[in-house]
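Trainee: This is the structure, below, for whatever I ask next.
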Amino acid sequence: MPRLHHSSFPLSRRALLAALVAVPVHASIRVGGARFRVVQRGSSTRRYIHIHGNEATAREILIEHMRTASGVAFLVEGNDRYVPANSGKLDPNRMFSRVGAEQNLRRLNPGWSRAQVERILDGLDRDLPRLLRRLLPPDGGLLMSLHNNSEGYSIRDETGISDRVSLKEPDRPHEFFLCTDPLDFERLAASPYNVVLQQKAPPDDDGSLSRLCALRGVRYVNLECGLGRAAEQRERLAWAESHLS
Ligand SMILES: [Zn+2]
């Protein structure tokens, strides 16, 4: 935060408050081996997250967005998809349930003993509530997540397990919204972009943030774009920001 200088023209109370509100507040929060930079700007029920460190376009677009948007953003530190878990690793988008985190730890660290896995899971159980208290928006608020995909993953992987699908850009399967709230779906379906609704948590507990939000009835919108497609991600984020309440 910049130092406020005394001058011969003292700031009015209103101007002082406006100056303070315009300055992003930085801090960080740790969950297991994952650390998130927290950027707070203004006062709003909007929350944002960038959770996979290797998805550089999403990070760039979210940082840029927070120069003007109001809300709290959580940006994972590091440039890897996985975060450290003692001597091993964990996909941070699988840490939102004990079942999902356990499956992921066993898959990524095949040589681990039961005790090694349990130790990480116990640490997550301790740390997660603190993150969720700040990350999940207050009632009616919206959590937006930004991801990038490469050739493999696209909307085609989601249509079969979604409640509703709006495919405005069938030739752009890598660019799409995934949301948990039917009203957000209605609004996004009026956009020129692709969107799927997954209102019910999938029966398979993968420990993802989207599943947790579906389970808890939290409004969640994930914006997926191909890695490197900054203009596309910027355009869709701006559309969602101005059309979702
Ligand atoms: Zn991702």
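Trainee: Pick from D125, D91: which is of a type in the set (D, E), within 16 Å of the ligand (Cβ to nearest atom) and in contact (Cβ under 8 Å) with a residue 12 or more places away in the chain? Working first, answer last.
Mentor: Numbers: D125 fails: within 16 Å of the ligand (Cβ to nearest atom).
So the residue among D125, D91 that is of a type in the set (D, E), within 16 Å of the ligand (Cβ to nearest atom) and in contact (Cβ under 8 Å) with a residue 12 or more places away in the chain is D91.
Trainee: Output the residues belonging to region 136-166 that are within 16 Å of the ligand (Cβ to nearest atom) and within 14 Å of F74 (Cα to Cα). Walk me through it before giving the result.
Mentor: Start the filter on region 136-166 by keeping residues that are within 16 Å of the ligand (Cβ to nearest atom), which leaves 143-155, 157-158.
Scanning region 136-166 gives L143, M144, S145, L146, H147.
Trainee: Same structure, new question: If a residue has to be closer than 10 Å to Y193 by Cβ and not charged (D, E, K, R) to count, how many in region 168-183 make the cut? Full working, then the answer.
Mentor: Start the filter on region 168-183 by keeping residues that are closer than 10 Å to Y193 by Cβ, which leaves 168-169, 172, 175-177.
From what is left, the residues that are not charged (D, E, K, R) are 176-177.
The number of residues fulfilling the criteria is 2.
Trainee: If you don't mind, there's one more thing I want to ask. In region 86-100, what residues are in a loop (DSSP other than H, G, I, E, B), farther than 16 Å from R30 by Cβ and either at pLDDT 95 or above or β-branched (V, I, T) (or both)?
Mentor: Pass one, region 86-100, residues in a loop (DSSP other than H, G, I, E, B): 86-87, 91, 95-97.
Next cut, farther than 16 Å from R30 by Cβ only: 87, 91, 97.
Passing the criteria: D91, S97.
Trainee: So which residues in region 165-215 are in contact with a Leu (Cβ under 7 Å, 6 or more places away or on another chain), assigned to a helix (DSSP H, G or I) and of a type outside the set (A, V, I, L, M, F, W, C)? Before you say what the answer is, go through the steps one by one.
Mentor: Our first condition is that a residue be in contact with a Leu (Cβ under 7 Å, 6 or more places away or on another chain); within region 165-215, this holds for 177, 179, 182, 184-185, 187, 194-196, 198, 201, 210, 213.
With assigned to a helix (DSSP H, G or I) added as a condition, the list becomes 182, 184-185, 187, 210, 213.
Of everything in region 165-215, those that are in contact with a Leu (Cβ under 7 Å, 6 or more places away or on another chain), assigned to a helix (DSSP H, G or I) and of a type outside the set (A, V, I, L, M, F, W, C) turn out to be P182, D184, R187, S210.
Trainee: OK, next. Are any residues in region 190-225 within 16 Å of the ligand (Cβ to nearest atom), of a type in the set (D, E, K, R) and farther than 24 Å from R172 by Cα, and if so, which ones?
Mentor: Answer for region 190-225, where residues must be within 16 Å of the ligand (Cβ to nearest atom), of a type in the set (D, E, K, R) and farther than 24 Å from R172 by Cα: D206, R211.
Trainee: Can you tell me which residue within region 218-245, out of those that are farther than 20 Å from S70 by Cβ, touching a residue at least 12 places away in the same chain (Cβ under 8 Å) and not acidic (D, E), is surrounded by the most Cβ atoms within 10 Å (Cβ to Cβ)?
Mentor: Ranking the qualifying residues of region 218-245, first place goes to C225.
Trainee: Can you name the strands (runs of 3 or more DSSP E) wholly within region 45-85 that have at least 3 residues being at pLDDT 95 or above and either within 20 Å of C179 (Cα to Cα) or within 13 Å of the ligand (Cβ to nearest atom) (or both)?
Mentor: On the way: elements: 47-50, 71-76, 83-85.
The strands (runs of 3 or more DSSP E) meeting that bar are 47-50, 71-76.
The values are calculated or read from the model by the stated rules, or taken from the named source; none is laboratory data. Worth saying up front: this structure is predicted, and the values here are computed from it rather than measured. FYI the Cβ positions are ideal-geometry reconstructions off the backbone, even for glycines, and counts take in every protein chain you see.
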